Amino acid sequence: MIKLYLTPNTRAGRVAWLLEELNMEYELEILPFTKEGLKSPEHRARHALGRVPVIEDGDISIFESGAIIQYILDKYDDKGLKPAVESDDYPYYLQWFHYCEGMVMPPMNQIVVQTVLLPPDRRDEAVLNQATNLLSKALKPVNEFLDGKDYLIGDFSAADCMLGHSCFMANRFGTVSDEMKNIKKYISNIESRPAFKKAITLGAGGPGDALGQ
C-alpha cells in the first residue's frame with residue numbers, strides 16, 4: 001500500500017487527489033507545517049530539503065509531485081487518466097501537465113513567499129506585483145485553451161490534478177480575475193468532484209502554503 005506524506009495546502013494535495021480519483025487505498029501521514037514537522041531528521045531522510053509530497057511504495061521512496069503522479073499512473077491507473085500515446089489528446093495532456101510547474105508555479109511560489117511565509121517587515125511589494133503580473137500572463141493561455149471545455153483535454157485527466165490544483169490555489173489567493181471566465185468555470189468543475197473535496201480537506205487546519213514540490 002502506498003504511504004503519502006502530506007502537509008495541508010501544498011502540492012501533496014495533487015497526489016492525494018489522484019489517489020482518491022483512482023479509489024486507491026493508501027496510508028496517510030500528516031506532517032504539520034512546522035520546523036519540527038518538515039525538517040525533522042526522520043523526514044529529511046525521506047526528502048533532504050524537508051518538503052512534501054513524498055510517497056513510499058514498498059521499498060520505493062520518491063518525491064516531486066509530477067514524478068509521483070506519473071509513477072502512480074504507470075503502475076496503478078485503471079481508469080485511463082493518462083491518454084494513450086496514440087491519442088490526439090496526448091500531446092496536449094503532456095503540455096498542460098508540465099506547463100503547471102514550468103509557468104504557473106514559479107510566480108505562485110513568489111506570491112506565497114511574499115504574502116504568507118515572510119514576516120510583514122520583509123515583504124517586497126514590487127516583487128509581489130511582478131509575480132502577480134507574471135501569474136496572470138501564465139494563466140491567460142490556460143483560460144483560452146479551456147474555452148468550450150470542462151477539463152483540459154475535454155475529459156478529466158491527471159493533467160487536471162497538476163494544473164487544476166494550481167488554478168484552484170491561484171484562485172484561493174485571489175489572482176484569477178473575473179475576466180478569466182473559463183478558468184473560473186474550470187475551478188468550479190474541479191471543486192464539485194468528490195475526490196477533490198476529500199483530498200483538499202485532508203489535515204485541514206494547519207497554516208500550510210502552496211509550496212512543496
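The values are calculated or read from the model by the stated rules, or taken from the named source; none is laboratory data. On a predicted model such as this, the values are computed, not experimentally measured, just so you know. A quick note on method: Cβ atoms are made from the backbone with ideal geometry, for glycine too, and the neighbour counts reach across all protein chains shown.
Miscellaneous remarks
- Pairs meeting the criteria (first residue in the range 64-92 and at negative phi, second residue part of a loop (DSSP other than H, G, I, E, B) and among the aromatic types (F, W, Y), beta carbons under 8 Å, at least 6 apart or on different chains) are L81/F156.
- The C-beta contact set for the range 111-123 (first residue in the same structural domain as N171 (by TED's automatic domain parsing) and closer than 19 Å to F33 by Cα, second residue part of a helix (DSSP H, G or I) and polar (S, T, N, Q), distance under 8 angstrom, 6+ apart or interchain) comprises I111/T132.
- Residues of the range 9-45 that turn out to be part of a strand (DSSP E or B) and either under 22 Å from V116 (Cβ atoms) or in contact with an Asp or Glu (Cβ under 7 Å, 6 or more places away or on another chain) (or both), as a count: 1
- Failed item, numbered, when A48 is tested on (1) over 19 Å from the mean Cα position of the chain (by Cα); (2) assigned to a helix (DSSP H, G or I): (2)
Residue-by-condition table, conditions (1) at pLDDT 95 or above; (2) within 18 Å of the chain's Cα centre (by Cα); (3) closer than 21 Å to K198 by Cβ:
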site: N9; (1), (2), (3): no, yes, yes
site: A12; (1), (2), (3): yes, yes, yes
site: E20; (1), (2), (3): yes, yes, yes
site: F33; (1), (2), (3): no, yes, yes
site: G66; (1), (2), (3): yes, yes, no
